[in-house]
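Asker: Can you read through this structure? Questions will come right after.
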Amino acid sequence: MLKIGEFAQLGNVSIRALRFYHEAGLLEPCYVDPSTHYRSYEPKQLQDLQDIRLYKAMKFSLGDIRELLRERPSAAERERILRERGALLKQRIAEDVESLARVESELQTAHKDAHEGWRIELRETQPVWVASLREKIRSYEEADRLFAEIERGIGSEFLMGKRAALWHTCVSDGPQIDCEALRFLKRPASLARGIRVYQMPVLRVASFLHSGSDESIPQAYQVLNAWLRRNKLVSRGPKCEIYWNEPPKEKAAESLTEIRLPVVACGRRREGEATLRGAPACV
């Protein structure tokens, strides 16, 4: 038999660790002196100790380690277990790398844009049914007319959520604004004259909330432009605005608008496709 200090030295662990493994039910000493309570081990128990250290290094829980030691898997089963664990650890590493990139991005944003008070995040949208009316208009105020036409053409029992708009072009692009007014639907509705009903696809978007009047939205797009450049992303597709809170004009400062831009990594644009314009959009 080996004294606990000798066994610890051979197994390259501390005496404290051996005591913990004993208390956790992972490695029972072969003998405990009834008067001194000193623990002793047999050399053959080194294999169990090596297994414990391996499983701990691979981030198995104490319960999992206890079960593995009890089952004593065959060589083939052990190889399968280790391969599955390796795949899981690779997935965790990938998730940690993504989390680290998010932290670094947030640090950059906090350093450069903290005074703006906007938090930008990447997310995937959910497929949703919408009623749509698209027209060329000369001012953003005309969008209210499009919303009204949708609401007249689609029964109220189909409508849900807030108003939204896809801005295919804006004032900075020419004399007319290409606006697609949207109302979200609980379920597909019957077609009304001039109104399109379709399911919006899943998209990867840069999303952030703008709190305040419409006059400050151009500044929000400038912040977003800078964020996309820092994160090596470009916009693809029309800008989407969802109007979560539309108070009366006298309380315009309480407006809450979510701005979504479909994005891809730099270098993945289709041939001839432009990047997000540097000029403020939807002003």
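Asker: For LYS186, which lysines qualify as cross-link partners when the Cα separation must be under 20 Å and same-chain residues fewer than eight apart are set aside?
Answerer: In chain and number order, the partners are LYS162.
Asker: Here's something else I'd like to know. Determine the gain in length on full extension of the stretch LYS56-ASP96; use 0.36 nm per residue of separation and subtract their C-alpha separation, reporting nm with one decimal. Working shown, then result.
Answerer: Numbers: separation 40, 0.36 × 40 = 14.40 nm, distance 1.92 nm.
So the extension gain works out to 12.5 nm.
Asker: What span do the alpha-carbon atoms of the chain cover on each of the three principal axes, reported in whole Å from largest to smallest?
Answerer: Here the spans come out as 92, 44, 44 Å, largest first.
Asker: With the dipole of the chain worked out from charges on the C-beta (+1 for Lys and Arg, -1 for Asp and Glu) around the Cα centre, which of TYR243, ALA57, SER255 lies farthest toward the positive end?
Answerer: Highest projection toward the positive end goes to ALA57.
Asker: For the range 94-223, what mean projected area does the convex hull of the alpha carbons give, in nm²?
Answerer: Details: hull surface 39.8 nm².
For the Cα atoms of the range 94-223, the hull's average projected area reads 10.0 nm².
Asker: What is the spin-label model distance, in nm, from ARG193 to GLN126 if the labels are put 7 Å beyond Cα along the C-beta direction?
Answerer: Here the answer is 3.5 nm between the modelled labels.
Asker: Within the range 1-64, what whole-number % of the accessible surface is contributed by carbon and sulfur, with the 1.4 Å probe and all protein chains included in the calculation?
Answerer: Details: 2090 of 4080 Å².
C and S fraction of accessible area: 51 percent.
Asker: Scan the chain and hand back the longest stretch that contains none of the GluC sites (Glu not before Pro) lying in DSSP loops with at most 16 other Cβ atoms within 10 Å.
Answerer: Values: sites that count: GLU157, GLU271, GLU273.
The segment 1-156 is the longest one with no such site.
Asker: Normalising by the residue count of the chain, find the relative contact order in percent from Cα pairs under 8 Å and 6+ residues apart.
Answerer: 15
Asker: For the range 177-209, which trypsin sites (Lys or Arg not before Pro) pass both filters: DSSP loop (anything but H, G, I, E, B) and at most 14 other C-beta atoms within 10 Å?
Answerer: The qualifying sites are LYS186, ARG193.
Asker: What lysines sit close enough to LYS56 to cross-link, taking a C-alpha to C-alpha distance under 19 Å and skipping anything fewer than 8 places away on the same chain?
Answerer: Of all the lysines, those that pass the test against LYS56 - Cα under 19 Å, at least 8 places apart if same chain - are LYS90.
Asker: For the chain, what is the charge dipole size about the Cα centre, in debye to the nearest 20, if Lys and Arg each add +1 at the Cβ and Asp and Glu each add -1 at the Cβ?
Answerer: With Lys and Arg at +1 and Asp and Glu at -1, about 620 debye.
The values are calculated or read from the model by the stated rules, or taken from the named source; none is laboratory data. Keep in mind that what you see is a predicted model, and the values were worked out from it rather than measured. Don't worry about glycine lacking a Cβ; one is built from the backbone with ideal geometry, like all the others, and counts go over all protein chains shown. Just so you know, the surface numbers come from the protein's heavy atoms only, side chains and all, with ligands and any DNA or RNA stripped out. Shrake-Rupley method; radii C 1.70, N 1.55, O 1.52, S 1.80 Å.
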